[in-house]
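See structure below.
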């Protein structure tokens, strides 16, 4: 009985023996590649070149502006009529045409809020464009103080 069990585990057909031999050759081939690979790999890079590249990278990083430096610089460069709470990075124009400006630009003006922008847009639509700057105060319900803040920085040139 023991002889039959041992014979069952050790007797293989010709196809099975060929498969086992192929797997053994494949394992040996992979081991040979693994052992030989370091001999064919590129040599380690030049340490002087690495040191030079590291110094250049550090110099480049020091020249870059960090977000904290960028926001501090932007706060210093804000125009006197730009709202201090404005976080929009795009520059404000020197003169804003009240008839063509969008709401995002108008809200960025110091003294103009969303309520004023809505009133200016309604006024602009009803009058088919604002012809005289002083109408912003009287017709668009912008307070006297806010009008004094924005008046030097807006124009009412004809719509295009």
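The values are calculated or read from the model by the stated rules, or taken from the named source; none is laboratory data. No experiment lies behind these values; they were computed from the predicted model shown. For neighbour counting, all protein chains shown are included, and Cβ atoms are generated from backbone atoms with ideal geometry for every residue, glycine included.
Odds and ends about this structure:
- Boolean, residue 76 is in a helix (DSSP H, G or I), closer than 19 Å to residue 133 by Cβ and modelled with pLDDT under 80: no
- If you go through segment 117-154 and pick out every residue that is exposed (fewer than 13 other Cβ atoms within 10 Å of the Cβ) and either in contact (Cβ under 8 Å) with a residue 60 or more places away in the chain or not assigned by TED's automatic domain parsing to the domain that holds residue 104 (or both), you end up with 1.
- Looking only at residues in segment 103-142 that are out of contact with any helix residue (DSSP H, G or I) (no Cβ under 8 Å at 6 or more places or on another chain) and not in a helix (DSSP H, G or I), the one that is modelled with the lowest pLDDT is 108.
- The lone exception for residue 102 - which of (1) under 15 Å from residue 157 (Cβ atoms); (2) surrounded by fewer than 16 Cβ atoms within 10 Å (Cβ to Cβ) it fails: (1)
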